Protein chains: 4
Amino acid sequence: MSHSTLRAAIVGSTGYGGVELIRLLHAHPNVTVTSVISSSSAGAPIAEGFPHLTEIRTDTLDGVDPELIRSKADVVFLATPHGVSMKLAPEFLAAGLKIIDLSGDFRLKDGEAYRKWYKHEPAEAAQVEQAVYGLCEVFGKEAAGRPFISNPGCYATAAILGLFPAVEAGWIDSDSLIIDAKSGVSGAGRGLSLSAHFSEINENFKAYKLNKHQHTPEIEQALARAAGRPVTVTFTPHLVPMTRGIMCTMYAAQPGKRRSDAEFVELYRKFYEGRSFVRVRHAGQWPATKEVWGSNYCDIGFSNDERTGRVTIISVIDNLVKGAAGQAIQNLNLSMGWEETLGLQFTPAYP
Amino acid sequence: MSHSTLRAAIVGSTGYGGVELIRLLHAHPNVTVTSVISSSSAGAPIAEGFPHLTEIRTDTLDGVDPELIRSKADVVFLATPHGVSMKLAPEFLAAGLKIIDLSGDFRLKDGEAYRKWYKHEPAEAAQVEQAVYGLCEVFGKEAAGRPFISNPGCYATAAILGLFPAVEAGWIDSDSLIIDAKSGVSGAGRGLSLSAHFSEINENFKAYKLNKHQHTPEIEQALARAAGRPVTVTFTPHLVPMTRGIMCTMYAAQPGKRRSDAEFVELYRKFYEGRSFVRVRHAGQWPATKEVWGSNYCDIGFSNDERTGRVTIISVIDNLVKGAAGQAIQNLNLSMGWEETLGLQFTPAYP
Amino acid sequence: MSHSTLRAAIVGSTGYGGVELIRLLHAHPNVTVTSVISSSSAGAPIAEGFPHLTEIRTDTLDGVDPELIRSKADVVFLATPHGVSMKLAPEFLAAGLKIIDLSGDFRLKDGEAYRKWYKHEPAEAAQVEQAVYGLCEVFGKEAAGRPFISNPGCYATAAILGLFPAVEAGWIDSDSLIIDAKSGVSGAGRGLSLSAHFSEINENFKAYKLNKHQHTPEIEQALARAAGRPVTVTFTPHLVPMTRGIMCTMYAAQPGKRRSDAEFVELYRKFYEGRSFVRVRHAGQWPATKEVWGSNYCDIGFSNDERTGRVTIISVIDNLVKGAAGQAIQNLNLSMGWEETLGLQFTPAYP
Amino acid sequence: MSHSTLRAAIVGSTGYGGVELIRLLHAHPNVTVTSVISSSSAGAPIAEGFPHLTEIRTDTLDGVDPELIRSKADVVFLATPHGVSMKLAPEFLAAGLKIIDLSGDFRLKDGEAYRKWYKHEPAEAAQVEQAVYGLCEVFGKEAAGRPFISNPGCYATAAILGLFPAVEAGWIDSDSLIIDAKSGVSGAGRGLSLSAHFSEINENFKAYKLNKHQHTPEIEQALARAAGRPVTVTFTPHLVPMTRGIMCTMYAAQPGKRRSDAEFVELYRKFYEGRSFVRVRHAGQWPATKEVWGSNYCDIGFSNDERTGRVTIISVIDNLVKGAAGQAIQNLNLSMGWEETLGLQFTPAYP
């Protein structure tokens, strides 16, 4: 570890977001993970519970001890459930640590919305205000130099990246948006539940939390900035019998002139110019989730229907990378003033 | 075999629809499969290519020989690709055989629509006119006593059963319909293709034929009867890394009064009263595909969103049963004047 | 329900073995399930937790109340964990109920072996003695008229059916037996555990309990009857990322004359003559698990290696049918003096 | 590209081995892929057929043109089927190019064995003699500075790494070896076949090529070097419904003194000392395939059975990495005198 290396701690290292941070940061040239932290397994060698890390990490898990972490790290990734991050973040911030929070606690600027959708008391408004909403390709400039970043939700990342340019351009009606989302099961986390039990989800496809999912207001908050007025969307999440991957299939009316697929491609390519991790597919090609598996890409495609005047927009991400750990590192890069792609240029694993 | 047994032949016995007919008819008290037919494998014992039939069927495959079939069977199931059924059906009909056609050749009454969506010349109009569109729970009465039934498409079955009652009641706007459909890979058939190659589709989720799928006009034709005027829908099929199952997640605006989930449940239960194979779930419960796996059920659920005024309707089927072989047998039952459930009361295989 | 119907109760109806009993018995002409029983969910409609049973079973779960069960049922299936069956069985037996026990509690005649492999105190020796070990195709005659049957383990069923004839004939060396077994995840049951968590087992293959699995002594006990002397085997279970299915790939030395595949086929066909549920494949064809999916079959194939003199024997079953609920019903049939195939002639679901 | 970069060409870039080479070499600091080659798709942009490479590779596929390749590359990876490599290799070698061949054409030193197991005429003996068998952790020293390396088979890699140290030490009886192998479906390649058709293999487990698989003599050839005499093994490959991963579960008798798991661990750790990609697990822990997914590791574990005296050895690899593209790059590294881990230190992707 050179003296210029940034030292990172990961709280929640035994969840899927946490172990994915370990995997990705292992390849980062400027960052060294100096502390892996777990409230439930402190003291155990991390490779015991996660044998894929054998000989890669030989250290033991630390407890959630702010004093200790302060002494070992410069930046803390909070890969913790909502409700927990809001307790830990203030203390770490006060100690001068940089925070990248992967939970939903600081994403919604409106405390009432948080209360309604998360069924939980919101974090203090002052804290929430301090957190930058780190959707890199849309609001990335706001992250530069900032010490406290709220990493977007997985579904929200795919949905907003797929809709923002067209909403902002006024090409699609922001009152017409329907987001039909599909996710691999790792999005449900490592906590045991019947809905993530193998025999229940294998050879099965199911919808859940219809019109109730907590990423809905997050998507609406971001798109309102594009539309310049409040936006309400229909959002339906589904579980796919696979581990990683999110697809959003999104439907919108075109209120005015109808554009071709090629025009959409051009609009999006221009919007995302210079941003390596959004790949706008050429007209007639739609991305599949495997095409971004294990990588930080978000791929987007279009299909206009001349019969209905609706456009269908498809976006895909790896929920654990661009939808969690990868974007968190991208946010760290932006916050540090580094290239946003640093340590993140993984080719998707195919097949 | 008692003299009262109906003798059935299956053309296309080596496709997934054909072997599912064999499985289901094996349990039918009034039908005996007397000929399994394949143009490509005639002469081979069927259990050689399909070892799950070992000791269940010890016969060899027949060729596509109308003379032979006439001598062995009373009813012919055509589990053949589109373009083939239209060649075989007239000859069999002329010989006095009952025909249940599982292809798309006789579903669309409008030859132009067939030509446009199937990229193929349509069957003769007179033949098409003769075929009853056998969506049992909606148009089932029309099948009674009829010798020629066109079995609906898999996606179309799930979509129409899920939308018809609300369109007919005028509760949802027939110009607003969006059908986001997901299917297991068996729907792509047994023919080899890269898109059904295991390593390409496992741990993957993809969309295909956006705004181009040939079940679109079939859905529109049926819903036009509900609406009393032409209907145009947006339809997006996706492939799920599983073998069986279709879910349609459908979105509609409510043009007038907004109804509750409970009201939708009541409307649908009334509409499907006395029909055993549609199970309308109680408010707040949405069906998953595994819950109908291996059975002839179509299960339906609802979610109204007070914020947008849209209703989301979810329907699921097993694409090879209710979406193909099961409904074909149900059509035979109706055509023969038998109980529609005869030989079809399989409990879904769970897990 | 005619007066001749046998009334059945299922204790443990909310486990996978229990719900499979419900599915299979639903098709049995002589049996009606009159009570579904669960200690944890008594009072709840069974279709609420198991929506695939919607409109198929409208009753609520009963508690574990022997008085109640006695009044409702003639036979009780105990689909309960080991340690529980040994508590329930004596009481039910005393009340004159017939018992089919699916747990491991009464399989091992040697209490010491039970203690060692199950890490639990054995049932009372007198009870154990009373229980017939119901491996139908091998010891089926012993079940006739008997009130208390211990249903074999899933792995044990596949292994014993695949090895017994050759061991008994002295064709293979009973000291050389190696059983490499692979199972779908439903074998691990419906209880939550990290090893059955979807994201842990999907796209994964793992071994477990090497040389420690409790079906080992059960296999040895049965094969000792074939060999006429104690048998010790090497047994390795693995988890396959699928829901249903067991394959045992078994290796044996041929101590004397080396036989051909065809000779093995002949030996086994003769041994299993008249038994519908064992299908001995012709030489050169080996069964795959999907070929018995959802059915009560056990399929067996052979491969002799002239280079090593070893024979490889492959057997497959559906772990929830022939490995649990199906064989339990087959045992009931034998015990009642009915055809052993009654209500069990399901064609495997393919694909 | 610095002048010190080695230029690589990949023949067979549209197979799974080829695209995996592209993925891995993209991260290699000393190598640039300058030509991706396909006989069937020459002229097409590689990202058109492999959209996961969008914006990562913008070049088109070259034809199999030795002149062209000589002008563009220093090393050629032959990810071609057997029978093809033997035609291409001599020409490229003659032109002074370094060759890493991933096919089976140059693995077997005995032409008769090649003829028997591959059912194909062997390559010229002089060519075969020239090729170094590149099982890095066992015969790695032989690759240093050599221009022509034959990359081991996937099954053979896992089997030999798991058995070699114990055979060499004389701890296990080389006449007793049984290798029960399981592979993900990507091992069957990208060519279409019914046995890799999704609906056939999903929710299925099957054995194939019993006692006939062409990796058998490759394993025997390597183990003979350990034993100092000919070795004959029983080898059974199976297909697992997953994309990547191989496990070998291997059984051996211990002819003399019986060793403990801990003694095996010590023996293997000593044997593989200094080799980063073999991870010998501590006693009582057995590796699962997911624990090496996407990485170049081979993990090994042991279980001794005091009852039978047999030891069970488990080894796992990712068949496309350590079993193909990764080991090929490792061989390049060794051949070039670089660190063998260069560009290959991927953390396994979990979950």
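Only helices at least 18 Å long along their axis, Cα-based, and averaging -0.5 or more on Kyte-Doolittle count here, so list those DSSP H runs from chain B.
B:154-168
When the Kirkwood radius is taken over all Cα pairs of segment D:155-318, what Stokes-Einstein diffusion coefficient follows at 25 °C and 0.890 mPa s, in µm²/s?
Translational diffusion coefficient: 151 µm²/s.
Looking at this model, which pairs from C:LYS212/D:LYS257; B:LYS116/B:LYS270; A:LYS116/A:LYS270 are more than 25 angstrom apart at the alpha-carbon?
Values: C:LYS212/D:LYS257 22 Å; B:LYS116/B:LYS270 37 Å; A:LYS116/A:LYS270 37 Å.
Flagged as over cut-off: B:LYS116/B:LYS270; A:LYS116/A:LYS270.
Exposure proxy check: C:LEU93, D:LEU161 ranked by fewest other beta carbons within 10 Å?
So the residues, fewest neighbours to most, are C:LEU93, D:LEU161.
Specify the residue with the greatest mean-square fluctuation among A:ALA224, A:ALA79, A:ALA207, computed from a Gaussian network of chain A linking alpha-carbon atoms under 10 Å apart.
A:ALA207
Would you list D:VAL33, B:VAL19 from fewest to most Cβ contacts within 10 Å?
Ascending number of Cβ neighbours within 10 Å: D:VAL33, B:VAL19.
With runs of 4+ DSSP H residues as the only contributors, calculate the mean residue ellipticity of chain B at 222 nm using -39,500 (n - 2.57) per run, divided by the residue total and rounded to the nearest 500.
Only helices count here, giving -8000 deg cm²/dmol.
List the residues of segment B:97-121 whose backbone N lies under 13 Å from a point placed 7 Å from the Cα of B:ASP65 along the Cα-to-Cβ direction.
Inside the label zone: nothing.
Order these peptides, A:228-234, D:276-282, by their mean beta-carbon neighbour count within 10 angstrom, highest first. Walk me through the intermediate numbers first.
Working: A:228-234: 16.4, D:276-282: 21.4.
Final packing ranking: D:276-282, A:228-234.
For chain D, set up a GNM with springs between Cα atoms under 10 Å and report which of D:SER193, D:SER39, D:SER303 has the largest fluctuation.
Comparing D:SER193, D:SER39, D:SER303 in a Gaussian network model of chain D, the most mobile one is D:SER193.
Averaged across D:285-297, how many Cβ atoms of other chains sit within 10 Å of each residue's Cβ atom?
6
Starting from the Cα of D:LYS206, draw a straight line to each of the aspartates and glutamates and keep only those under 15 Å, dropping any in the same chain fewer than 8 residues away.
Filter leaves C:ASP180, C:GLU291, C:ASP299, C:ASP318, D:ASP180.
Treating the Cα atoms of segment C:260-351 as identical point scatterers in vacuum, please give the log10 of the normalised Debye intensity I(q)/I(0) at q = 0.10, 0.15, 0.18 Å⁻¹, two decimals.
For segment C:260-351 at q = 0.10, 0.15, 0.18 Å⁻¹, log10 I(q)/I(0) is -0.29, -0.61, -0.82.
Taking the Cα centre as origin and putting +1 on Lys and Arg beta-carbons and -1 on Asp and Glu beta-carbons, what dipole magnitude results for segment C:155-318, to the nearest 20 debye?
Numbers: 19 positive and 17 negative charges, 25 e Å.
Charge dipole, segment C:155-318, about its Cα centre: 120 debye, nearest 20.
Nearest 0.05, what FRET efficiency do B:SER39 and D:ARG115 give at R0 = 45 Å with Cβ-Cβ as r? Please list the in-between numbers first.
On the way: r = 38 Å, r/R0 = 0.85.
For B:SER39 and D:ARG115, the calculated efficiency is 0.75.
Which percent, nearest 5, of DSSP beta bridges in the protein assembly as shown are antiparallel?
Working: 97 of 213 bridges.
Bridges in the protein assembly as shown that DSSP calls antiparallel: roughly 45 percent.
Enumerate the aspartates and glutamates that B:LYS87 could reach by cross-link, defined here as Cα to Cα under 16 Å, with residues fewer than 8 away along the same chain left out.
Hits, sequence-local ones excluded: B:ASP65, B:GLU67, B:ASP101, B:ASP105, B:GLU121, B:GLU124, B:GLU129.
Mind checking the mean number of beta-carbon atoms from other chains within 10 Å of the Cβ atoms in B:247-256?
2
In peptide C:271-281, how many Cβ atoms from other protein chains are near each Cβ within 10 Å, on average?
Working: counts 0, 0, 0, 0, 0, 2, 1, 1, 6, 2, 2.
Average per residue, whole number: 1.
With each pseudo-label sitting 7 Å past Cα toward Cβ, what's the D:GLU55-D:ALA95 distance in nm, one decimal?
Each label point is offset 7 Å from its Cα along the Cβ direction, giving 3.4 nm.
Can you give the relative contact order of segment B:90-152 as a percent, counting alpha carbon pairs under 8 Å and 6+ residues apart?
Reported as a whole number, the value is 41 percent.
Can you say what percent of the DSSP beta bridges in segment A:1-142, counting only those with both residues inside, are antiparallel? Round to 5.
5
Quick one: compute the contact order of segment D:6-130, relative version, from alpha carbon pairs under 8 angstrom and 6+ residues apart, as a percent.
Here the relative contact order equals 22 percent.
Might you report the magnitude of the Cβ-based charge dipole of the protein assembly as shown about its Cα centre, with Lys and Arg at +1 and Asp and Glu at -1, to the nearest 20 debye?
Numbers: 136 positive and 148 negative charges, 1 e Å.
I would put it at about 0 debye.
If you take the beta carbon distance between D:ALA144 and C:THR5 as r and set R0 to 60 Å, what does 1/(1 + (r/R0)^6) give as a FRET efficiency, to the nearest 0.05?
The value I calculate is 0.15.
How high is the relative contact order of chain A, in percent, with contacts defined as C-alpha pairs under 8 Å that are six or more residues apart?
Value for chain A: 17 percent.
May I ask you to list the residues of segment D:60-86 whose amide nitrogen lies under 16 Å from a point 7 Å from Cα along the Cα→beta-carbon direction of D:SER193?
Once the point is set 7 Å along Cα→Cβ of D:SER193, D:80-84 turn out to lie under 16 Å by backbone N, inside segment D:60-86.
Counting only DSSP beta bridges with both residues in chain B, tell me the antiparallel percent, nearest 5.
Roughly 45 percent of the DSSP beta bridges within chain B come out antiparallel.
Computed from the coordinates by the stated procedures, all read-outs in this text should not be read as laboratory data. If you're wondering where the values come from, they're calculated on a predicted model, not measured in any experiment. With ideal geometry, Cβ positions are generated from the backbone for all residues, glycine too; neighbour counts draw on all protein chains shown.
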